[in-house]
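Have a look at the structure below before the remarks.
Derivation of every value follows stated rules applied to the coordinates shown; laboratory data play no part. What you see is a predicted model, and the numbers here were worked out from it, not measured in a lab. Positions of Cβ are generated from backbone atoms using ideal geometry, with glycine treated the same way; all protein chains shown enter the neighbour counts.
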Ligand SMILES: Cc1cc2nc3c(=O)[nH]c(=O)nc-3n(C[C@H](O)[C@H](O)[C@H](O)COP(=O)(O)OP(=O)(O)OC[C@H]3O[C@@H](n4cnc5c(N)ncnc54)[C@H](O)[C@@H]3O)c2cc1C
Ligand SMILES: [Zn+2]
């Protein structure tokens, strides 16, 4: 089972915690219209794979990459959409 | 529905208050979290453990009940050879501290203001956030019909058995046994099928919530869509 990637698939609800430090509103209710297949889905409905090498969220209709979040000690890298480039957020010090 | 403010990014210290067995591998854990802001049924927390050498592990656990002041209730099932869940379920000492981030998630939630019949589909420990919905519904005295379909391997794998044996008004509990049923159960054991959905409220009126292992969630979401329930009214939470 663990070797079947679909068996480890989560959904976007699991992104609520990792993305919480960089959003003022809960990100899982945000709506996305897929540029590839036009399907509308909230972030909570995206299909999420991971956690290594990062949490990858894909369109539930056509699997197009919607966002990628990579956690490092002290940092969160966030890539939105399929484009190249990611934003690096510095997280508040642990315990703070 | 407006997005709930996140405001949930802080890690708070949570102290283990009590541990109570539910099934052979499942425990109810209560934690005291100072200044807990309250939460909605269906939300979860992320629990972070830090080892002496600084190594950290984070896992998500659903909130099983409305908060009671600063006390929150989780339901943790020990996964075979899992890194975190067997530790939380059976090893973490009473009085010990972990860190908790939350409440998290505004999508897989239900509030008593949500009109329409409620359909809850639980597989295994996927019952945890759905129990929070059932409890919130009972506390609010909701008159909307509610059906819980709960798939469990056998009678001794049923969480919250005593509470579920006493359904509230307009509430129906259907237990679906996959491996071993109690004597006299007219249903043949096996996974949820289309016939188990007979007699449910009309597709289009009912809000459906499905939670459990990924395979269970995908199977039930497919059954519901085949039965005519629109995708917009089906919300899922995959536990992995
Ligand atoms: C939003 C959300 C809410 C959740 N709510 C709950 C809840 O209320 N209650 C609950 O009990 N769980 C819940 N979960 C699941 C929980 O977060 C954990 O995934 C679960 O407890 C397992 O964690 P673990 O560290 O014990 O296991 P892990 O160490 O993460 O491993 C998971 C399983 O995979 C197996 N495994 C891992 N790696 C390998 C490998 N390389 N080869 C073979 N096998 C492998 C392990 O043996 C284990 O059985 C939720 C998940 C999400 C996303
Ligand atoms: Zn798409």
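Diffusion coefficient (Stokes-Einstein, Kirkwood radius over C-alpha pairs, 37 °C, 0.692 mPa s) for chain B: 178 µm²/s, rounded to a whole number. If you run the Gaussian network model on chain B, springs between alpha carbon atoms under 10 Å, then out of B:192, B:58, B:220 the most flexible one is B:58. Convex hull volume per residue, computed on the Cα atoms of the range B:135-226, equals 116 Å³.
Can you give the calculated 222 nm mean residue ellipticity of chain B, where each DSSP H run of n ≥ 4 adds -39,500 (n - 2.57) and the sum is split over every residue, rounded to the nearest 500 deg cm²/dmol?
On the way: 4 runs with 37 residues, N = 240.
Result for chain B, helices only: -4500 deg cm²/dmol.
Rounded to the nearest 10 degrees, the inclination of helix B:214-226 to the longest alpha-carbon principal axis of chain B is 30 degrees. Both numbers refer to the Cα atoms of chain A; Rg and Dmax are 13.5, 43 Å.
Which order results if B:121, B:31 are arranged by neighbouring Cβ count within 10 Å, fewest first? Intermediate results must be reported in sequence, preceding the final value.
Numbers: B:121 31, B:31 23.
Starting with the residue having the fewest Cβ neighbours, the order is B:31, B:121.
Please state, as a whole number in µm²/s, the translational diffusion coefficient that the Stokes-Einstein equation yields for the protein assembly as shown at 10 °C and 1.306 mPa s, with Rh defined as the Kirkwood radius across alpha carbon pairs.
Details: Rh = 20.5 Å.
Result for D is 77 µm²/s.
Separation of the range B:117-172 and the range B:55-90, taken as the distance between their Cα centroids, equals 20 angstrom.
Protection proxy ranking for B:97-103, B:174-180, B:22-28, B:74-80, using the average of other Cβ atoms within 10 Å per residue and placing the highest first: B:97-103, B:74-80, B:22-28, B:174-180. In the range B:55-147, Rg over Rh equals 1.01, where Rg is the alpha-carbon radius of gyration and Rh the Kirkwood radius from pairwise Cα distances. Rounded to the nearest 500, the helix-only mean residue ellipticity at 222 nm of chain A stands at -500 deg cm²/dmol, with each DSSP H run of n ≥ 4 adding -39,500 (n - 2.57). Axis angle, to the nearest 10 degrees, between helix B:127-140 and the longest C-alpha principal axis of chain B: 80 degrees.
At q = 0.17, 0.18 Å⁻¹ the log10 of I(q)/I(0) for the range B:8-89 amounts to -0.70, -0.78, computed by Debye summation with a single uniform scatterer per C-alpha, solvent ignored.
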